[in-house]
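Written below as structure tokens is the structure these notes are about.
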Amino acid sequence: MSRRDPEARDRVVVGTLEHSDLGTGGWTLVDAQGSRWSLAGVVPAELAGRRVRAEGTERALYGFSMSGPVLELRSIRAA
Amino acid sequence: MQRSLLALPSLALALTGCGQHAVEPGAQAHAELPAGGGLLVVDLADGTELDEGRAATGLPLAWATERSADEALAVVEVADLDAEVARLAGLPGLEAVEPSYTYEATGLGGLLPVGRYPDDPYWERQWNMRTIGAPAGWRVGGGRGVTVAVVDTGVSRVADLQGTEVLDGVSFVPGRRTAEDDNGHGTHVAGTIAQTTHNGLGVAGVAPQARILPLKALSGQGFGQSEWIASAIDEAVDQGADVINLSLGGPQSRVIQVAVEKAAARGVIVVAAAGNSGREGVGWPARSPGAIGVSATGPDDALAPYSSWGEGVDLSAPGGDKRKAGGGILQDTVDAGKAGHDFKELQGTSMATPHVAGAAAVLLAAGAGSPAEVRQALYGSAVDLGEPGPDRKYGQGRLDVAAAVRHLLIHQRGLLFGLAAVGGLTLASFGQMRRRLLVAGTAAVAAGGLFFLPLLPLPPSAALDLLARPILHWPGLLLPPGWAHNPLWLSALLPALATFVLGPTRSLGWAAAGLTAGVGVHLAHGAFTGSLSPTWMPGLAGQAWLGANALACALMVLAVAGVEKLRGQQERA
């Protein structure tokens, strides 16, 4: 999913990684301001519940998570 | 499988039985589930040996009958039927697993099937379906003939969708050629709308007779680009969908909004999820004026903690609350990356939305003539929650399918029934009171049907649905699709035939006059309200056609009345 997207912006988000129980589930990153980011991409399950640093692109994507902006991941690691 | 069947060949029987049991044709049957333990029927893949079946299931299977080896149909006594059905349901190499039912013929020519309805074993866990009164929707056709597009992660034909009509889908996700579900979200959503119901397996859906059009616009991870969603909405309209379910959301998008408004302008009902932010601020496309935005409630009828709310919420519906045991929405779906299927409890405004889409399908099948009429029935009947009147959390209130069906039956068919009765009495100003009542009664039933029948707590049946409908709705039930709105049927043709053929016979002639008056009232109502829409005649042309034919009906009744008056004068002279 890397097509033209005028809204796309590179981001580094630091926060707590949670597994969402909305719909069939997904990964959510809650940053220091309490904003919830839906993560698109591969997330190692062992990072669940930990403080992580995620780098990626904020994308104007649609989905069933509907709980915040979508961050398309380039990398994610424990902070 | 133990079956005692009585063959009762009658029209009512042939029409009855909207369930999907494998019952011999012409016989209405019902199933009694043995409590707890009992005989389990295991249908193995054809060609499976008994030993292989025993090894696969871990049960001491035996062939059901001497000739069952060919079909690989086996039985076994188990201590807990529900548990075994659940355990075996997803196993590869099994075609079906269900408790052995005892079929019995039923009373009153199959009009009143007795016994437990629905017989889906997990019905007790579907608090959501009971809350909205879903069974009332099954009594008026359960969405028969209505197409609901599910724009989502795709739809897979899991075991409990086998009796549901699922059309060939389309994928708008690059790299995915089919609309098979690689996530589980879309299949669950489709299940809430049209899960195969009263099939002795799993769970029920809101509109089990509706057909599902799977449109894959979200990836296996549940994300999609605006142009995929917009293309899917356009495709739904092109394929003739009546309702579009959008259990998805995101930022405002011009292309999606245009697609939604275009669909709404074409008379398609668009239902969209309000969002899962848990805060004020409804997402898009739920906020579009052309979409019905849906917030989510839990088993206690309070707004679910995750549900978005605010401007754009039109209705609320059960979306589940998994903080409470059994508080999720239970449907059949796939487990991404694994074989088989699973009955899963999910929560979200994604789960609330298909309740409303299913309800819209039910109302359309029950005879609602336009999206406006559907909205009126949904909004006018919703259970008021929160602040009195419409509010920003629940919109017009929480969906109540039973009340919406009641609203439609009384406001549409009840009105027609009353108008035709009055019209019949007035026009038939001839003869004795008995004759007037015959004319008025026939007119009322022809125009409004026995509209009160579905309001009684009876199990659904096609015969019940037919008897409860105006005569102009009958082709939709009895003839192939396409005939329902044929202008020849929506005309004075049938009344004219009845009048000319039956007119000369005195008692049947009265009934023909009544039929003519009733059909005339319905045609006139259709011309004024748009509740009837003859094919090939959009807009004014259709209205003019209906109006002219209504007038023809009135003239025929007046002519019959005139002839009768003359005959009376001659007899007196």
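None of the figures in this text is laboratory data; all of them are computed from the coordinates on show. In this text the structure is predicted, and so the values were computed from the model without any measurement. With ideal geometry, Cβ positions are generated from the backbone for all residues, glycine too; neighbour counts draw on all protein chains shown.
A simple packing score, the average count of other Cβ atoms within 10 Å per residue, orders the peptides A:39-52, B:242-255, B:545-558 as B:242-255, B:545-558, A:39-52, with the highest score first. Partner aspartates and glutamates whose Cα lies under 18 Å from the Cα of B:Lys324, excluding those fewer than 8 positions away in the same chain, are identified as A:Asp21, B:Glu124, B:Asp300, B:Asp301, B:Glu345. Straight-line cross-link reach from B:Lys322 at under 26 Å between alpha-carbon atoms covers these lysines, not counting any fewer than eight positions away in the same chain: B:Lys338, B:Lys344, B:Lys393.
Mean residue ellipticity, 222 nm, helices only, chain B: the sum of -39500 (n - 2.57) across DSSP H runs of n ≥ 4, divided by residue count and rounded to 500, is -11500 deg cm²/dmol. Between the Cα long axis of helix B:493-502 and the first principal axis of chain B there is an angle of about 50°, rounded to the nearest 10. Taking the Cα centre of the protein assembly as shown as reference, the dipole from Cβ charges on Lys and Arg (+1) and Asp and Glu (-1) amounts to some 2500 debye. The trypsin sites (Lys or Arg not before Pro) of the range B:121-178 that DSSP puts in a loop, and whose beta carbon has at most 12 other beta carbons within 10 Å, are B:Arg177.
The angle separating the long axis of helix B:433-448 from the principal Cα axis of greatest extent in chain B is about 30 degrees. Coupling constants for the range B:313-323 follow from the phi torsions by the Karplus curve (6.51 cos²θ - 1.76 cosθ + 1.60, θ = phi - 60°), and in residue order they are 7, 9, 8, 10, 8, x, x, x, 8, 6, 5 Hz; glycine and proline get x. Charge tally for A:Val13 (other residues, Cβ to Cβ under 15 Å; Lys, Arg +1; Asp, Glu -1): +3.
Summing charges over all other residues whose Cβ lies under 11 Å from the Cβ of B:Glu124, with Lys and Arg as +1 and Asp and Glu as -1, gives +1.
For chain B, the longest principal axis of the alpha carbon atoms and the long axis of helix B:506-529 meet at an angle near 60°.
Annotation: peptides B:266-275, B:280-289, ranked by per-residue average of other Cβ atoms within 10 Å with the highest first, follow the order B:266-275, B:280-289. Classify chain B as rounded, prolate or oblate from the Cα gyration tensor: take a ≥ b ≥ c as the square roots of its eigenvalues, call it rounded if a/c is under 1.5, otherwise prolate when a/b beats b/c and oblate if not. In terms of gyration-tensor shape, oblate.
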